[in-house]
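Peer 1: Here it is: the structure, laid out below.
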Amino acid sequence: MPRLRGTAGMDQSFHQEKHLRNSDFLTDVVIGMSDGLTVPFALAAGLSGAVSGTSVIVIAGIAEIAAGSIAMGLGGYLAGKTEMEHYDAELKREKEEVETVPEKEKEEVKDFFANIGLSEEMQTKAADEIAKDKKQWVDFMMKYELGLEKPDPRRAKKAALNIGLSYAAGGLVPLSPYFFTDTPLLALQVSAVITLISLFVFGFLKSRITGVNPWQGAIRVTIIGAMAAAAAFGVAKLFTA
């Protein structure tokens, strides 16, 4: 069984206001938007080097956005379900251990308090006090032994919706210029400008949220998007030359 965590978990519990904690919503938007901006951009760029009109690009782009939104949303849903199932399985195991091996569980509680510097006497008193309420005891073990917080029961559905819609919103950015012109290369030029700007802004904001250097994050995301589009365009040109 994993050992109880040390002071890091306790500090996080009592000082949440001092630490950046990303919401699930922001995480979902980052996942969906990053792929939504990059994949349709690369697809449109590749087709721009292979076809003479934009109608095929628009149809293919919309189809890709629809398929990508569903696939990404499904992935988010399955991840949310897995998280909930994992928590439930560990919760059941902890309840069984509290019932069947209470002394061993008490020793693990004492280990936790020993790690944060309490005396032997205080360790025993704290463990005995926690053990008086089995629900509190199990909750303590879940949080400080396993590092698990109870997930939102609606998390899977929320993740699917947030990621899917974010992907679709991101995908419409590089595809939008193709709706207004019949010239693929002209549309690609406009698409490249607005998409790279969007990627830069998105990378900047994402990095600010996650605590990474925002300028480095913005440049990194922009370069990745540009390289993906350039590679797709070059491959298309190579096979249609």
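Peer 1: Taking the condition surrounded by fewer than 16 Cβ atoms within 10 Å (Cβ to Cβ) and more than 23 Å from G80 (Cβ to Cβ), does L186 pass?
Peer 2: It is true that L186 is surrounded by fewer than 16 Cβ atoms within 10 Å (Cβ to Cβ) and more than 23 Å from G80 (Cβ to Cβ).
Peer 1: I'm trying to understand the selection: among the residues of the range 100-134, which are basic (K, R) and either in contact with a strand residue (DSSP E or B) (Cβ under 7 Å, 6 or more places away or on another chain) or in a helix (DSSP H, G or I) (or both)?
Peer 2: Quick first cut of the range 100-134, residues basic (K, R) only: 104, 106, 110, 125, 132, 134.
Within the range 100-134, K104, K106, K110, K125, K134 meet the criteria.
Peer 1: On to the next question. What are the pairs, 6+ residues apart or on separate chains, where a residue within the range 71-94 that is under 20 Å from M141 (Cα atoms) and modelled with pLDDT under 90 has its Cβ under 8 Å from a residue that is basic (K, R) and surrounded by 14 or more Cβ atoms within 10 Å (Cβ to Cβ)?
Peer 2: E83/R155; M84/R155
Peer 1: Please determine, by comparing only the residues of the range 153-164 that are of a type outside the set (V, I, T), over 17 Å from G61 (Cβ atoms) and not in a loop (DSSP other than H, G, I, E, B), which one is modelled with the lowest pLDDT.
Peer 2: Applying the filter and picking the extreme gives R155.
Peer 1: Same structure, new question: Can you find, within the range 116-152, the residue that is nearest to G76 (Cα to Cα) among those that are β-branched (V, I, T) and at pLDDT 75 or above?
Peer 2: V138
Peer 1: Turning to a different aspect of this structure: Considering only the range 112-136, state which residues are aliphatic (A, V, I, L, M) and either without any contact (Cβ under 8 Å) to a residue 12 or more places away in the chain or under 15 Å from Y87 (Cβ atoms) (or both).
Peer 2: Of the range 112-136, the ones aliphatic (A, V, I, L, M) are 114, 116, 118, 122, 126-127, 130-131.
Once the filter is applied, which keeps residues that are aliphatic (A, V, I, L, M) and either without any contact (Cβ under 8 Å) to a residue 12 or more places away in the chain or under 15 Å from Y87 (Cβ atoms) (or both), the range 112-136 yields A114, L118, M122.
Peer 1: Right, here's the next one. Among (1) farther than 15 Å from L175 by Cβ; (2) in contact (Cβ under 8 Å) with a residue 60 or more places away in the chain; (3) assigned to a helix (DSSP H, G or I), where does D139 come up short?
Peer 2: For D139, the failing item is (2).
Peer 1: Please pick out the residue among S69, S52 that is assigned to a helix (DSSP H, G or I) and of a type outside the set (K, R).
Peer 2: Being assigned to a helix (DSSP H, G or I) and of a type outside the set (K, R) holds for just one of S69, S52, which is S69.
Peer 1: Checking A230 against (1) surrounded by fewer than 16 Cβ atoms within 10 Å (Cβ to Cβ); (2) in a helix (DSSP H, G or I); (3) within 21 Å of the chain's Cα centre (by Cα), which single condition isn't satisfied?
Peer 2: (3)
Peer 1: Given (1) among the small types (G, A, S); (2) surrounded by fewer than 23 Cβ atoms within 10 Å (Cβ to Cβ); (3) within 30 Å of E83 (Cβ to Cβ), identify the lone condition not met by A159.
Peer 2: (2)
Peer 1: With respect to A60, determine if the residue is out of contact with any helix residue (DSSP H, G or I) (no Cβ under 9 Å at 6 or more places or on another chain) and without any contact (Cβ under 8 Å) to a residue 24 or more places away in the chain. Show your work before the answer.
Peer 2: Working: out of contact with any helix residue (DSSP H, G or I) (no Cβ under 9 Å at 6 or more places or on another chain): no; without any contact (Cβ under 8 Å) to a residue 24 or more places away in the chain: yes.
Taking the combined requirement at face value, the residue does not satisfy it.
The values are calculated or read from the model by the stated rules, or taken from the named source; none is laboratory data. This one's a predicted model, so the numbers in the text were calculated from it and none came from an experiment. A quick note on method: Cβ atoms are made from the backbone with ideal geometry, for glycine too, and the neighbour counts reach across all protein chains shown.
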